[in-house]
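Working notes, structure below.
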Amino acid sequence: MAQTPSTMLPLGTSAPAFSLPDAASGRNVSLDDFKDSRALLVMFICNHCPFVKHVRAGLTQLARDYQARGLAVVAVSSNDPARYPEDGPAEMAKEARSAEYTFPYLFDGTQAVAKAYHAACTPDFFLFDGDRRLAYRGQLDDSRPGNGLPVTGEDLRDAIDAVLAGRPAPPDQYPSIGCNIKWRAGNEPEYFKNPR
């Protein structure tokens, strides 16, 4: 299976604005909807990726553990549903129910939000502090499909704990690894075609 790393967007970057439909509820969800939260986690995921399937239950548990402590969580799927129908909105709604996601699962039909965040893979994680400055980007933990390590969420959890406590996230941050975002033909961003 092909492996694509995170672009590692510079720390301190302001959270790009978004307004996207939630696949389950149909309502639009925007960055402003989370303005009162102490931190914001934006996750780029999809339904079919084996890397996302591997951490699916861990994402549900992480959200449950931290939402009550002031972390807002939102997931975005930017894959081209024309080529990957299992990643379209109807299937996303089914997946959100099946996985018992407690967070919105948004459909990025134009792929503009993925581009704004420099998202490259699924899963790709972006943690913003209360001022909506990027505090952490990278992996959930060291677990990957087939490597035998348990899904703990250790790296991301350490970063969330620090941000919610008003401390900097750990400086050692490692790229997430996953399937590449499935860009529409001709829509691949330069950062994806020419990775650093």
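Quick notes
- Computed label-point distance, nm, for sites residue 3 and residue 17 using a 7 Å Cα→Cβ extension: 3.9 nm
- Solitary cysteines of the chain, where the nearest other Cys Cβ is not under 4.7 Å: 46, 121
- Calculated from backbone phi, Karplus (6.51, -1.76, 1.60) coupling profile of region 169-174 in Hz, x at Gly/Pro: 5, x, x, 7, 10, 10
- Every pair of different Cα atoms in region 56-158 enters the Kirkwood calculation, which places the hydrodynamic radius at 14.9 Å.
- Local electrostatic count at residue 178 - Lys and Arg +1, Asp and Glu -1, tallied over other residues with Cβ under 15 Å: 0
- Evaluating kT/(6 pi eta Rh) at 4 °C and 1.567 mPa s, with the Kirkwood radius of region 109-196 over Cα pairs in the Stokes-Einstein relation, gives 90 µm² s⁻¹.
- Most mobile listed residue (109, 166, 148) in the chain, GNM with C-alpha springs under 10 Å: 148
- Spin-label model, residue 116/residue 190: points 7 Å from Cα along the beta carbon direction are separated by 2.0 nm.
- Amide proton proximity set for residue 29, modelled H, under 5 Å, gap of 5+: 20, 22
- A simple spin-label model places the labels of residue 33 and residue 165 3.1 nm from each other, with each point 7 Å out along Cα-to-Cβ.
- Extension reserve of the residue 97-residue 69 stretch, reckoned as 0.36 nm per residue once the Cα distance is removed: 7.8 nm
- Gap separating the Cα centres of region 115-157 and region 46-72, nearest whole Å: 10 Å
- Charge context of residue 13, other residues only, Cβ under 10 angstrom, K/R +1, D/E -1: +3
- Quarter of Cα convex hull surface for region 26-115, i.e. mean projection, nm²: 5.9 nm²
- Backbone phi angles across region 41-56, fed through the Karplus curve with coefficients 6.51, -1.76 and 1.60 (θ = phi - 60°), yield HN-Hα couplings of 10, 10, 10, 9, 9, 7, 7, 8, 5, x, 5, 6, 4, 4, 9, 3 Hz in residue order; Gly and Pro are listed as x.
- Computed over region 140-180, Cα set: Rg, Dmax in Å: 11.8, 36
- Per-residue 3J(HN,Hα) values for region 142-150, derived from phi via the Karplus relation 6.51 cos²θ - 1.76 cosθ + 1.60 with θ = phi - 60°, read 7, 6, 9, x, x, 8, x, 8, x Hz in sequence order (x marks Gly and Pro).
- Global geometry of region 74-115, whether rounded, prolate or oblate, following the gyration tensor of its Cα atoms and the 1.5 cut on a/c: oblate
- Just so you know, the averaged projected area of the alpha carbon convex hull for the chain sits at 10.1 nm².
Coordinate-derived values only; no laboratory data. Computed from a predicted model, the values in this text were never measured in an experiment. We place every Cβ from the backbone using ideal geometry, glycine too, and count neighbours over all the protein chains shown.
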